[in-house]
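Here's the structure, in structure tokens; my notes come after.
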Amino acid sequence: AAAAKQIPVSWHTITDGTSGKLTASQVQASIDVLNKDYASTGFSFYLSASETVTNKSWFTGVDQGTTAEAQMKNSLRDGNALTLNVYTVSFGSSGLLGYATFPWSYSGAPKNDGVVIAYQTYPGSSYAPFNQGRTLTHEVGHWLGLYHVFQGGCTGSGDSVSDTPAQSTATSGCPSSQDSCPNVAGVDSIHNFLDYSDDACMYQFTAGQTSRMAQIVSAYRG
Ligand code: ARG
Ligand code: ZN
Ligand code: CA
């Protein structure tokens, strides 16, 4: 197994002055979920910095690719390629939970690197069924180089991991089982962190995902 890698987390809580505030214990609880979910992978996380920033257009307007996103990250991102920058915002009525950048994009756009999540997704919030902190776990999976388990559908190289069966649809809720590629061996990875299931339903990384993360991170994040 790869040597354990400790990842500093720089946490940026964006508010509009009223909504979006997180307490120190809500931030720490989020880090605790990461450490629990990634315990089998050799990655651990610790809070290296935490700030609360009031900016109405960043709070409500940071969909991926927007000017607000670029301004926010250019102003706030800190650390190096191995620093996980987390931004909590509001995505309003779109229902978007979060988005992330991949490790291989860091060298071309270092300031853009990081994870943006809806502030309501912290563990213990009222945002059921997305209130156990798994949005952060999922987005950090992308940040460490993983694709969705349903990437690529029923044919081809899928998510570039050999032990996640081919899957063609994103799972919603928590079905008892699902097989979206009946002609390909294996059932859907509905309990995998890189599917779209409810927070309570997702609790697994595979061995293949674990080795992909180790490999990609040492190649791109040092
Ligand atoms: N839809 C988001 C994405 O594609 C996150 C999904 C998170 N799922 C969850 N159960 N919290 O990155
Ligand atoms: Zn995703
Ligand atoms: Ca199948």
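The values are calculated or read from the model by the stated rules, or taken from the named source; none is laboratory data. Note that the structure is predicted; figures quoted are calculated from it, not measured. Positions of Cβ are generated from backbone atoms using ideal geometry, with glycine treated the same way; all protein chains shown enter the neighbour counts. We work out accessible area using only protein heavy atoms, side chains counted, and drop any ligands, DNA or RNA first. Shrake-Rupley method; radii C 1.70, N 1.55, O 1.52, S 1.80 Å.
Please list T15, T54 in order of solvent-accessible area, largest first, computed with a 1.4 Å probe with all protein chains present.
The most accessible residue leads, giving T54, T15.
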>> At 1.4 Å probe radius, can you tell me the per residue accessible area of segment 68-166 in Å²?
In response: 37
>> Quick check: at a probe of 1.4 Å, how many percent of the accessible area of segment 162-222 sits on carbon and sulfur atoms?
In response: 52
>> Given a 1.4 angstrom probe, I'd like the percentage of the accessible area of segment 41-123 that is carbon and sulfur, rounded to a whole number.
In response: 51
> For segment 107-161 and segment 36-74, what is the separation of their Cα centres, given in Å?
Replying inline: 12
> Semi-axes, largest first, in whole Å: what does sqrt of 5 times each Cα gyration tensor eigenvalue give for the chain?
Replying inline: 28, 20, 16
> Using modelled amide H (1.01 Å from N, peptide plane; none on Pro or chain starts), what sits under 5 Å from the amide H of F43, excluding residues fewer than 5 places away?
Replying inline: K5
>> If R₀ is 35 angstrom, what is the calculated FRET efficiency for the pair Q28 and K111, using the beta carbon separation as r and rounding to 0.05?
In response: 0.85
> Considering only protein heavy atoms, what is the solvent-accessible area of H148 at a probe of 1.4 Å, reported in Å² to the nearest 10?
Replying inline: 40
>> Cut-off 20 Å, label point 7 angstrom out along Cα-to-Cβ of N35: give me the residues of segment 183-203 whose amide nitrogen falls inside.
In response: 203
>> With θ taken as phi - 60° and the coefficients 6.51, -1.76 and 1.60, list the Karplus ³J(HN,Hα) couplings across segment 152-157 in order, rounded to whole Hz; mark glycine and proline as x.
In response: x, x, 8, 10, x, 8
>> I need the phi-derived Karplus couplings for segment 193-204: 6.51 cos²θ - 1.76 cosθ + 1.60, θ = phi - 60°, integer Hz, Gly and Pro marked x.
In response: 4, 9, 9, 10, 5, 4, 3, 5, 8, 9, 8, 9
> In deg cm²/dmol and to the nearest 500, what is the mean residue ellipticity at 222 nm of the chain if only DSSP H runs of at least 4 residues count, each as -39500 (n - 2.57), divided by the residue total?
Replying inline: -7500 deg cm²/dmol
> Taking Cα pairs under 8 Å and at least six residues apart, what relative contact order does the chain come out at, in percent?
Replying inline: 17
> Which of the lysines could be linked to K21 by a straight reach, that is with a Cα gap under 22 Å, when you skip same-chain ones fewer than 8 residues away?
Replying inline: K56, K73
>> As an exercise, use a Förster radius of 41 Å and the Cβ-Cβ distance of Y46 and S93 to find the FRET efficiency, rounded to the nearest 0.05.
In response: 0.75
>> Just the number: Rg to Rh for segment 178-222, Cα atoms, Kirkwood Rh, two decimals.
In response: 1.09
> What does the accessible area per residue of segment 169-222 come to in Å², with a 1.4 Å probe and no ligands, DNA or RNA counted?
Replying inline: 47
> Under 5 Å between amide H atoms, partner at least 5 residues away or on a different chain: which partners does T15 have, H built in plane at 1.01 Å?
Replying inline: V53, T54, N55
> Using θ = phi - 60° and the Karplus form 6.51 cos²θ - 1.76 cosθ + 1.60, what ³J(HN,Hα) does each residue of segment 170-183 get, whole Hz, x for Gly and Pro?
Replying inline: 6, 7, 10, x, 8, x, 6, 6, 7, 9, 7, 10, x, 8
